[in-house]
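**Student:** Mind having a look at this structure? Questions to follow.
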Amino acid sequence: MFLFDAVAKSSVLYCKGHSGYYSCTKCKQKGIYINDRVCFPDLVSEPRTNECFLSLNENNNFLSGVSILGDIPNINFVSDIPLDYMHLICLGVVKRLVVQTWAFGPIPHKLCARDFNKISLNLESLKQFIPSDFARVPRGLSESKRWKATEFRQFLLYSGPVVLKNVLPPTKYFHFLSLHVAIVILINKKHCDTYLDYAEQLLEHFVKSTKIIYGTHYLSHNFHNLLHIVDDVRKHGCLDKFSNFSSENYLYYIKKLIRKPSDVLEQIIKRIGEIEKHISSPKNCNLSDKNNFEMGNPHNDGVLVNNCGGPQYKTAKFIDFSISINKKDCCCVLKNNIIITAENFAFCSSTNEFVVVGRCFETVQDFYDQPCNSSNFGIFFVKNLSDLNYWPIKYIKNKLIKLPYTDGFVVLPLLHHDE
Ligand SMILES: [Zn+2]
């Protein structure tokens, strides 16, 4: 596949840029000009075919030349060039809603000062709860014009549903939740296997409702392409398999290999060759099995229960995540679906195995039930911690993000993967 943002795509494929009347590379809908931008109000339109990209005559409205990529055999210009959700959704649709509508948009959709401050304070208060897996912590709406793509992703998948609840009017909140649920599904392989058609219906509903709630002029290139992205997931796998998040991380890595301005490509190839030669064993070689774990940060003053004693540790590291006894990295779900917070890792002499000492949440319920129950995706509202207890470490299934909400917490599984 080839990954582009909209600007690079039009310059490599010689197709119309994202502001053009025929800018959709997936369908033949002609945009209309409303409020200084091109919009695509129709939900259904004739799909584009690979032949469209290869024949200049037929497409004088769409193409201005024939791309050199056509020289590579068996490329399908429609399906092998997937849409990039980092630009399209995080920096496109979510930014449009958060920054250009709620925070700084025109009346009547702009938030009043009270709600603007409430959401900002909510976001700021989450800082200390964001697990160390995230490079960034939430910032208030006043800084939202400078949010990075990863901050919009964090808002869409994790913090947004929590900080907007009971602040945004219900219609707008449930509209946002339908996008949240659709992307929660599309980003995770397991959910894609079960709920892909449902995600497609949700995105159609989201686009249709955008027109009703915010107006036809919102259906720009980015909003329109939500109608096509599920086809790309069908062909290429879940969103992280073809997102620019991973390719941009790799670009950053490549940039750091360059030491002088000349012979850039030669330098990169030489450095990568040197690095590959010196890597003798892959990272996390001891954790190749999903059930394996490593103990870290030994200590001797943790909380203990009957049958448990030293050695004690503050961290248990698994192949995909680490659980620690600090506030932001302590929450996890066990294989029997009990949700716990870890307070210590110790050794149990009666069963001869490492255990996690902690407490489980006794009240576990759906955090939202529209457009469907959040429990389908392992997202819950939890409260009421039990007395101290212990469970074998091998029972730990997944790390959870635990965000405070009213008198309890909303817990959400870590969904995105950058690698
Ligand atoms: Zn289209």
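The values are calculated or read from the model by the stated rules, or taken from the named source; none is laboratory data. Note that the structure is a prediction, hence the values are computed from the model and not measured. Here the Cβ positions follow ideal geometry from the backbone for every residue, glycine too, while neighbour counts run over all protein chains shown.
**Student:** Can you tell me how many residues in region 1-13 are modelled with pLDDT of 85 or more, surrounded by 16 or more Cβ atoms within 10 Å (Cβ to Cβ) and not hydrophobic (A, V, I, L, M, F, W, C)?
**Tutor:** Summing the residues that are modelled with pLDDT of 85 or more, surrounded by 16 or more Cβ atoms within 10 Å (Cβ to Cβ) and not hydrophobic (A, V, I, L, M, F, W, C) in region 1-13 gives 2.
**Student:** Determine whether residue 56 is within 15 Å of the ligand (Cβ to nearest atom) and aliphatic (A, V, I, L, M).
**Tutor:** Values: within 15 Å of the ligand (Cβ to nearest atom): no; aliphatic (A, V, I, L, M): yes.
Here the answer is no, as residue 56 does not meet what is asked.
**Student:** Condition (residue is over 29 Å from residue 187 (Cα atoms) and either within 16 Å of the ligand (Cβ to nearest atom) or within 21 Å of the chain's Cα centre (by Cα) (or both)) applied to region 105-113: is it met by at least one residue?
**Tutor:** No: zero hits.
**Student:** On the given criteria, is residue 159 within 24 Å of residue 377 (Cβ to Cβ) and over 20 Å from the mean Cα position of the chain (by Cα)?
**Tutor:** no
**Student:** Looking at region 48-56, can you tell me whether even one residue there is part of a loop (DSSP other than H, G, I, E, B), on the phi < 0 side of the Ramachandran plot, free of Cβ contacts under 8 Å to residues at least 12 places away in the same chain and not assigned by TED's automatic domain parsing to the domain that holds residue 92?
**Tutor:** Yes, because at least one residue in region 48-56 is part of a loop (DSSP other than H, G, I, E, B), on the phi < 0 side of the Ramachandran plot, free of Cβ contacts under 8 Å to residues at least 12 places away in the same chain and not assigned by TED's automatic domain parsing to the domain that holds residue 92.
**Student:** Something else about it: Looking at (1) among the basic types (Lys, Arg); (2) in a strand (DSSP E or B); (3) under 25 Å from residue 188 (Cβ atoms), find the lone condition where residue 394 falls short.
**Tutor:** That leaves (2) as the condition not met.
**Student:** Anything in region 23-43 that is surrounded by 20 or more Cβ atoms within 10 Å (Cβ to Cβ) and either in a loop (DSSP other than H, G, I, E, B) or in the same structural domain as residue 251 (by TED's automatic domain parsing) (or both)? List them, or say none.
**Tutor:** Selection gives 23, 24, 25, 26, 29, 31, 40.
**Student:** Now for a separate question. All but one of (1) away from the ligand (no atom under 16 Å from the Cβ); (2) part of a helix (DSSP H, G or I); (3) at pLDDT 95 or above hold for residue 168; state the number of the condition that does not hold.
**Tutor:** Going through the list (1) away from the ligand (no atom under 16 Å from the Cβ); (2) part of a helix (DSSP H, G or I); (3) at pLDDT 95 or above, residue 168 breaks only (2).
**Student:** A further question on this structure: May I ask you to verify whether residue 315 is under 25 Å from residue 134 (Cα atoms) and of a type in the set (Ser, Thr, Tyr)?
**Tutor:** When the stated conditions are applied, residue 315 passes them.
**Student:** Report yes if residue 375 is of a type outside the set (A, V, I, L, M) and either in contact with an Asp or Glu (Cβ under 6 Å, 6 or more places away or on another chain) or surrounded by 14 or more Cβ atoms within 10 Å (Cβ to Cβ) (or both), otherwise no.
**Tutor:** yes
**Student:** Further question: What number of residues within region 2-30 are without any contact (Cβ under 8 Å) to a residue 60 or more places away in the chain and not polar (S, T, N, Q)? Before the answer, list the steps.
**Tutor:** Narrowing region 2-30 to residues without any contact (Cβ under 8 Å) to a residue 60 or more places away in the chain: 7-8, 10-12, 14-17, 20-22, 25, 28, 30.
Right, trim to not polar (S, T, N, Q) and you get 7-8, 12, 14-17, 20-22, 28, 30.
Counting residues in region 2-30 that are without any contact (Cβ under 8 Å) to a residue 60 or more places away in the chain and not polar (S, T, N, Q) gives 12.
**Student:** Could you tell me which residue of region 60-93 is nearest to the ligand (Cβ to nearest atom), considering only residues that are more than 23 Å from residue 236 (Cα to Cα) and crowded, with 20+ Cβ neighbours inside 10 Å?
**Tutor:** Here the residue is 62.
**Student:** Quick check, is residue 175 away from the ligand (no atom under 16 Å from the Cβ) and surrounded by fewer than 23 Cβ atoms within 10 Å (Cβ to Cβ)?
**Tutor:** It is true that residue 175 is away from the ligand (no atom under 16 Å from the Cβ) and surrounded by fewer than 23 Cβ atoms within 10 Å (Cβ to Cβ).
**Student:** Next question, about the same structure. So residue 20 clears everything in (1) over 30 Å from the mean Cα position of the chain (by Cα); (2) outside any helix (DSSP H, G or I) except one condition, right? Which one?
**Tutor:** Single failed check for residue 20: (1).
**Student:** Next up: Restricting to region 96-131, name every residue that is part of a helix (DSSP H, G or I), surrounded by 13 or more Cβ atoms within 10 Å (Cβ to Cβ) and free of Cβ contacts under 8 Å to residues at least 12 places away in the same chain.
**Tutor:** Within region 96-131, 100, 117 qualify.
**Student:** Identify all residues within region 210-227 that are touching a helix residue (DSSP H, G or I) at 6+ places or on another chain (Cβ under 9 Å) and either within 12 Å of the ligand (Cβ to nearest atom) or not in a helix (DSSP H, G or I) (or both); write none if there are none.
**Tutor:** 214, 219, 220, 221, 222, 223, 224, 225, 226, 227
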